[in-house]
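Shown next, in structure tokens, is the structure this report addresses.
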Amino acid sequence: MTGSATDEGAGPGLVVKGAMLSHVGAVRSLNEDTVAYVLPGAADPRASQGALLLVADGIGGHAAGEVASALAAETICCDYYRGDGAVPDLLRRCFAAANQAIHRRSLDAPECAGMGTTCTAIAVVGACVFLAHVGDSRAYLLRGETLSQLSQDHTLVAELVRQGSLTVEEAAGSPERHVILKALGTHPEVEPCIWTEGMPLQAGDRLVLCSDGLSDLVGDAEIAAASRNLPPFEACEALIARALDAGGHDNISVGVFGLEQDGDTPPPQRPERPTRKVEAASLAAEPP
């Protein structure tokens, strides 16, 4: 299992605390998922741009999906903190840069031909959340007892459900449920979903990000219960264990992040964990 211990970042309004984990699963030999997050502390010069949380699920198998997801995470996280402007514009530029970087690599390196990746990123700025999304990885908001999916799957069956041609139950059993309509890097240009306005958050909210290796096998009720009742790191561990128990046929990635009022609680003690940070070293560097 790879991942990170609990971390936190402070900014105006709310403090974001959480963890992410990624597991290769029970069947595959290679983990093509990448998870990344940046939670700047109050004294960090990046604090004004808030927290950035991201999960990417590489596609292509032998076509270097793990390269695509890692490249997306590094490009987006680095460019976000090096850029300026309104958050939606900044996220759009970051996703465009990641798409170009992946597509260019796929053309330059024969072993990477055809690679691509889903990507779901959340920026928490002040007391608002902004979403940038392409593919079928997911972002959720847990508020009280209610778990709401913030992202819309860019898959064939999800589009048919939105059009009324399939029921949710039919879509879940469809052999075409993993046909992705949009991904980063598979074409010279892509049109991701970018929220043009932030959604207000409240202290006590939890944000959950995951790849389809989790959402395919673990229902909303279980995601909500673990995210609500357990600390973020333990919630990630429990959800991955549940997906493995259900078959673990894909790579499994999940992040759980809580929102607290700034100054309400002291910083947590960071537990020692036999895990490594999947956050690229360059992401932790100070911006130029």
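Each reported figure results from applying straightforward, stated rules to the coordinates on display, with no laboratory input. These numbers were taken from a predicted model, which means no experiment stands behind them.
Taking the helices alone, the chain has a mean residue ellipticity at 222 nm of -8500 deg cm²/dmol, built from -39,500 (n - 2.57) per DSSP H run of at least 4 residues and averaged over all its residues. If every alpha-carbon in the stretch 52-186 counts as one equal scatterer, what log10 I(q)/I(0) does Debye give at q = 0.09, 0.10, 0.20 1/Å? At q = 0.09, 0.10, 0.20 Å⁻¹ the computed log10 ratios are -0.30, -0.36, -1.15. As a length-normalised measure over Cα pairs under 8 Å and 6 or more apart, the relative contact order of the chain settles at 27 percent.
The convex hull built on the alpha-carbon positions of the chain has an orientation-averaged projected area of 14.6 nm².
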